[in-house]
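Take a look at the structure below.
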Amino acid sequence: MTDCISIDKLMESVGCRKYPARWSGIFDAAMEEYDRNGCPYFTPEFYEELDRKYGCFETTREYYLKAASCAAGDEALGRFVVLLITALRDKTYRSEDLAGFERPVTPPGKDPDAYEMATAFVLVALFEDGADELRRRGVSDEYIRTVLKYAAGGIKSYIRRHNGALGYDILWWGLLYTQCELFPIVRLEMQFNVNWSFCVTVFRNADGQSVPLANGMPVHKSGRYLDPADTEDTEGSWTAEIEETDSTWIGHSFGADGLVKKETTVLPKSEWQIALKAGDPVIDVHIPASDPFTPELVERSFEETRRFAAEHFPDYKYKAFICHSWLMSAQLDALLGEDSNIVKFSRRFRRMTKKSHGDDVFSFVFNGIDRNTDPHLLPENTRLERALKSLYVSGGALYEMYGYILAK
Ligand SMILES: CC(C)(COP(=O)(O)OP(=O)(O)OC[C@H]1O[C@@H](n2cnc3c(N)ncnc32)[C@H](O)[C@@H]1OP(=O)(O)O)[C@@H](O)C(=O)NCCC(=O)NCCS
C-alpha cells in the first residue's frame, strides 16, 4: 500500500491524531503481520469462531458483524487495527499507550460504523489472550464466557449514548476484563490491582471499629474535599493533617454526612493500628446500570468476591473494598429515604467526601444532559430525578463520595 508507507501517513489516513512515539519502533513488524494475515477481525468467521468457543456475542453479535462488514476491504483501517493490537498485546506499555493515544475520528467519506468501532476490533482481538490468562488463574470456562460477554457488551454504552450509532470509546475499560483485573460478580463489578491513593488513612481497633483520618486533605469551608484542580472559592479553606506523637495519632475524621469534622479525634496507638494507607491494594467496586439492585444481590456480590479472590488471587492481599461514586453520596440518605436500594448500598460503606464539584449525576441519572443546563429543564420521571432537580434548582449539587469497607 503505497500511500500508507509510513506510520505518519497511515495514522493520518485513518484519522488518528495522537499516538505514542514508541509505535514507530513496532510499525514494521505490525505491517509485516498485516501483509501475512490481513485483518481477520473484519471477517464474520472470526466472530463465529469466538462465539462458538465463548458465547460472548449473545447480545452484540449483529453490531460486530455489521461493523466488520463495513470495515472489510479498508486496507488502511486494517493496518491500523493490526498496529494497535501489536502495541497493546505487550502489557508492559499498555497504560502509557492508552494514555498517549486518541481513537480515530472517521475521515471524510469513510464509513463511521467501521471507524468508530476501530478500538472494538482491537478489544475482541485480545479475547483469546484474556481467556488464556483467566485459565491460568484457574477460572472456569463458564466464568470466562461471562467475563468476555461483559467485555464485548461495552459497545452498548456507546450505542445507547449515540442514539443507536455503532462505536466504542472505552477500550481502557474493556481491556481491564481481558487483563484479569475486572470481574462481574453477581450484581457488581470488582476491579483488582488498584492501590488506595486518596488522602485518607484508616485506623482499626481490636473490636473491628474503624476511623478514617484525613491525611493532608485540602478542605472547603463546608467540610467538603477541595479538589486542587477546581476553581471553587478557597476562602476559609484549610488542610486536614494527621499529627503523630509517640503514643497517638491525632487528626480529623468524617461525620455521618461524609464531611470532614473540624474537631480532632485522638487515637491511642495502644488501641489503634493502621488498616488502610496510600498505596495499599484494594478492590474497587463498580455498579453497572441494570435492574434489580437489591441488598440481597449486593450481599452475594461481596461474599462471592471474597471467595473468588481467595481462590484465584490468593496473593492479592487487598485491605478494603472501596467505591467512588455519586451513589456513595450521604446526601442521598435524606433525598431518597431508608427504603432506597442506593442508600442501603452506600450505608454498607464508611463514606467520605471526595469531589468538590457534583456532576456525575448528569451522566448517570440525567443521561448525559449538559451540566450547565438550566436546572428547571431537568426531567422529573423518578423520585431521584425530582429530588435532584429541586436540589439543583435551589443552587445545590450532589457531590460524589468515597466509601470503604475494610477487608475481614
Ligand atoms: C444503581 C441503580 C440500579 C439503583 O437503582 P434503584 O434500585 O432503582 O435505586 P433506588 O431504590 O435507590 O431508587 C430510588 C428512586 O430513584 C430512582 N432512580 C434510581 N436510580 C436512578 C437513575 N440512575 N436515574 C433515574 N432515576 C433513578 C428510582 O427509579 C426510584 O424512583 P421511583 O420510586 O420513582 O421509581 C441505578 O441508579 C442505576 O442503574 N444507575 C446507573 C449506574 C451508575 O450510576 N453506576 C455508578 C457509576 S459511578
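The values are calculated or read from the model by the stated rules, or taken from the named source; none is laboratory data. Note that the coordinates shown come from a computational prediction; the quantities given were computed from them, not determined experimentally. Cβ: placed from backbone, ideal geometry, glycine included. Neighbour counts: every protein chain shown.
Flag: Thr43 matches the condition of being of a type in the set (Ser, Thr, Tyr) and touching a residue at least 24 places away in the same chain (Cβ under 8 Å). Among the residues of region 127-159, those that are surrounded by 20 or more Cβ atoms within 10 Å (Cβ to Cβ) and of a type in the set (A, V, I, L, M) comprise Ala131, Leu134, Ile144, Val147, Leu148, Ala151, Ala152, Ile155. Consider region 61-93 and keep the residues that are surrounded by fewer than 22 Cβ atoms within 10 Å (Cβ to Cβ) and either among the β-branched types (Val, Ile, Thr) or not assigned by TED's automatic domain parsing to the domain that holds Trp23 (or both). The one that is nearest to Asp28 (Cα to Cα) is Thr86.
Since Ile283 meets every condition but one in (1) surrounded by 13 or more Cβ atoms within 10 Å (Cβ to Cβ); (2) more than 15 Å from the ligand (Cβ to nearest atom); (3) outside any strand (DSSP E or B), which condition does it not meet? All conditions are met except number (3). Restricting the search to region 380-408, which residues are of a type in the set (A, V, I, L, M) and either in a loop (DSSP other than H, G, I, E, B) or under 18 Å from Phe364 (Cβ atoms) (or both)? Hits for region 380-408 are Leu384, Ala387, Leu388, Leu391, Ala397, Leu398, Met401, Ala407. Checking each residue in region 288-305 for being surrounded by 12 or more Cβ atoms within 10 Å (Cβ to Cβ) and within 14 Å of the ligand (Cβ to nearest atom) picks out Pro288, Phe293, Thr294, Pro295, Leu297, Val298, Ser301.
From the list Gly358, Gly368, the lone residue that is in a loop (DSSP other than H, G, I, E, B), buried (at least 19 other Cβ atoms within 10 Å of the Cβ), within 15 Å of the ligand (Cβ to nearest atom) and modelled with pLDDT under 95 is Gly358. Would you be able to say whether some residue in region 251-266 is more than 25 Å from Arg137 (Cβ to Cβ), buried (at least 17 other Cβ atoms within 10 Å of the Cβ) and within 16 Å of the ligand (Cβ to nearest atom)? Looking for residues that are more than 25 Å from Arg137 (Cβ to Cβ), buried (at least 17 other Cβ atoms within 10 Å of the Cβ) and within 16 Å of the ligand (Cβ to nearest atom), one finds at least one in region 251-266, hence yes.
Scanning region 212-231 for residues that are over 10 Å from His252 (Cβ atoms), within 24 Å of the chain's Cα centre (by Cα) and crowded, with 18+ Cβ neighbours inside 10 Å returns Arg224, Tyr225, Leu226.
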